[in-house]
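No value in this document is a laboratory result; all are computed from the given coordinates. Please read all numbers here as calculations on a predicted model, not as lab measurements. Because the Cβ atoms are built from the backbone with ideal geometry, glycine has one as well, and the counts that use them run over all protein chains shown.
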Amino acid sequence: MDKLAIIGGRELYGELEISGAKNSALKVMVACLLTDETLTLTNVPNLADVRQLIVLLENHGVEVDRQGSRLDLTAGSITSTTAPYDIVRKMRASFNVLGPLLARERQAKVSLPGGCAIGARPVNFHIAAFEAMGATIEIEEGYVLAEAPDGLKGAIIDLPFPSVGATEHTMMAATLAEGRTVIKNAAREPELSDLADCLRAMGAKIEGDGTSEITIDGVQQLSGATHDIVADRIEFGSYAMAVGAAGGELFLRRGRLDLLGDAATTLREAGLTLEEEDGGVRVSRWGKPTISTNITTAPFPGFPTDFQAQYMALMAVGNGTATITEQVFENRFMHAPELMRLGADIEVDGQTATVRGKTTLKGAPVMATDLRASMSLIVAGLAAEGQTMVSRLYHLDRGFERLDEKFQSVGALVERVKDEE
């Protein structure tokens, strides 16, 4: 099992290209099940989750041709409408094959994904939406059995919470439903609009993405298309916060400030300079330490829960005291004890963490508990004195493409090493 060795205390200088968004690529890839023609995707990141989803799509009969960051996906015929537990359990996004299979084949059997390390993430919103669209759904032995013999019908879906997964899943299924579907209290994340752009290129009739109400008028069939995956805002924000912690200046190619939502304002308040230029964003912090700034996570355009761990690392070397309140997921402060091993002064009380900034952290062995926690420890390690050794890199490899190579290219002393155990 690999570890990442980091020698901290070096500022970052240079240019990085932000990879395609994992959270967008996974959903857009699933959209290939909605048509028997080829869906061509570019800027697809080479990540463990992407490779795992390819395995599932091939299980359903999809022909996959990958060349670098380009994917050609052809679901000429669906050979299986069952998504088995052994595949779905490895990645939650696999569950999103349910809607497209149900819309196209009028039946599906998909394993429940279960919980994860950052708390329960139930799929009841997804199931309720499909039932409102006329599907009959039963849960048996850990599987969702869904049928819609007469096809899905348009409906008004009022989500109790602006769930990204439920909004995306419902939107995909509604593209082939009869009549109009309206999703109220819809999520507004950029990845959802990226999916909508792809579906429109395939012939779907979608309006309102990026707002809290999305309207989809169903069509009889969708066609193939070519779509470029949007830049990964989580990777973009994470590298920006690495600059904040370590100091220096990076030009983050393909980055866009609108992808950060309110987080762009927060990072500026924390002392980072963010300047949009042709083709990307220049991020810098010179001399003065970051300024402790309070945040509360919220659905987009609020401060993303997927930035929370990295931001805690940034605040650990800030000037002052910051409170971080997690409103989206329970049990998402598991990185705090690991940051404390580096000397961070953090106190957790329920869903709020108080971070008292200090000028110096000390390197130590630490262990990642989830994907974003991995990057949190790296951000802190870049600012710490001495060596930090981050274990459980398999979390990192699920969401950050070639991270060690990218950091090496801008002057960071990082190296992937084999675990001797």
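Data overview
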{"quantity": "Rounded to whole Å, sorted largest first: equivalent-ellipsoid semi-axes of region 22-228, Cα gyration tensor", "calculated": "22, 20, 17"}
{"quantity": "GNM flexibility winner over the chain from Ile139, Ile214, Ile87 (Cα, springs under 10 Å)", "calculated": "Ile139"}
{"quantity": "Two-site FRET efficiency, Met334 against Glu207, from Cβ-Cβ distance with R₀ of 35 Å, rounded to 0.05", "calculated": "0.30"}
{"quantity": "Where N is the number of residues in the chain, Cα Rg divided by 2.2 N^0.38 Å", "calculated": "0.98"}
{"quantity": "Over 20 Å (Cα to Cα) - which of Lys27/Lys109; Lys153/Lys184; Lys288/Lys406; Lys109/Lys205; Lys22/Lys406; Lys22/Lys362 fall in this group", "calculated": "Lys288/Lys406; Lys109/Lys205; Lys22/Lys362"}
{"quantity": "Relative compactness, region 183-342, computed as alpha-carbon Rg over 2.2 N^0.38 Å", "calculated": "1.20"}
{"quantity": "Label point at Arg253 placed 7 Å out along Cα→Cβ; residues across region 64-102 whose backbone nitrogen lies under 20 Å", "calculated": "67-71"}
{"quantity": "Between helix 371-383 and the chain: long-axis angle, C-alpha atoms, 0 to 90°, nearest 10", "calculated": "20 degrees"}
